[in-house]
Amino acid sequence: MTRNGKIVILTGAGLSAESGLSTFRDEGGLWSQHRIEDVATPEAFARNPDLVQAFYNARRAQSRAATPNAAHVALARLQRDHGGEVVIVTQNVDGLHEKAGAKVIHLHGALDSALCHLCDHRWTAPETIDSATPCPACGHHSARPDVVWFGEMPYHMEEIAEHLENADIFASIGTSGQVYPAAGFSQLASDYGAECIELNLEPTSHVFHQRRIGHATQTILAWVEELIGA
C-alpha cells in the first residue's frame, strides 16, 4: 500500500482483554455467569428488565474503571500520525478507544450511552440505569442501555460499507469472526480489493492475506510501527 492509503480497522473484545475486560467466552467473566438469551436480547429485556439492567450496570462500572492498554494507544497513534485516513470500527462497547484518544464508529453501541426504547432519545448514561430512570426527552421510565442486542440491527452499517469499499487495508483485531454482520467485513473488503490482515490470538477466516498471531499489545504495536515508524 502507499503511505497515504486508507486503513479500515475492525476491533473486537480481544483488544480489551488485556485491560481486564471479559470477552464473551472468558471463564469466570461477567458473560460466563449469564446466558446470552437472558441478558442480551430484546426478549430478555421485556421478560426481566431488572436482570438486564443489573448486568449492564456491572459492565458499565467495570468499563469506567478500566484503562486503555498499549494496543488502544497504538491504534490512536496510528489514526493520528498515519499519512492517510484511518477508520476504526469497533464491536466493543467499553469506550477504551476514546480514552486512548481515538475516534471510532461504534457498531454495537456504547455503555456510556442510554437509550429510550419509546422515543429513541439518547443521552449520557448515569452510573446505573433501572426501571425508575426517566428519559430526559419524553419523561417516561423507559431507559435501556444503548447497546445492540442479538436480534437487533447494528449501527452505522451504510457508513461502514462505504469505508470498506474504499479501503486499501482492512485489519481485523481481536474478534472471533463469528458474529455477523461484522464477520463478513473481511470478505467484503477483500472483494473490493483491500489487503486484509488479521491480528488475533488465533486464526479465524481464510479470507485474510496475512496474519499476526499473538497478544494484541505485541502484534498491534509491531504493526503500527511498520506503518508509521517507531
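Values computed for the structure shown
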read-out	value
Prolate/oblate/rounded label for region 22-137 (Cα gyration tensor, a/c 1.5)	prolate
Average accessible area per residue (Å²) across region 100-230 - probe 1.4 Å, nucleic acids and ligands excluded	50 Å²
Kirkwood estimate for region 123-224, i.e. one over the average of 1/r between Cα atoms, Å	16.3 Å
Carbon and sulfur %, accessible surface of region 1-144 computed with the full protein complex present, 1.4 Å	52 percent
Rounded Å value of the spacing that divides the Cα centres of region 66-119 and region 169-230	17 Å
Degrees, to the nearest 10: 216-228 long Cα axis against longest axis of the chain	50 degrees
For the chain, projected area of the alpha-carbon convex hull averaged over all directions, nm²	12.1 nm²
Over region 51-160, relative contact order from alpha-carbon pairs under 8 Å, at least 6 apart, %	25 percent
Cα gyration tensor, region 79-120 - rounded (a/c under 1.5), prolate or oblate	prolate
Spin-label model distance (nm) - His209 vs Ala65, 7 Å beyond Cα toward Cβ	4.4 nm
Per residue convex hull volume, Cα atoms of region 124-180, in Å³	162 Å³
In region 26-100, the GluC sites (Glu not before Pro) that fall in loop regions by DSSP, at most 14 other Cβ within 10 Å	Glu27
FRET efficiency, 1/(1 + (r/R0)^6) with R0 41 Å, evaluated for Glu158 and Ala132 via beta carbons	0.70
Calculated Rg and Dmax of region 172-229 using C-alpha coordinates, Å	11.5, 34
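The values are calculated or read from the model by the stated rules, or taken from the named source; none is laboratory data. This is a predicted model, so every value here is computed, not measured. No Cβ is skipped: glycine too gets one built from the backbone with ideal geometry, and neighbour counts run over all protein chains shown. To get the accessible areas, we keep the full protein, side chains included, count just its heavy atoms, and leave off ligands, DNA and RNA. Shrake-Rupley method; radii C 1.70, N 1.55, O 1.52, S 1.80 Å.
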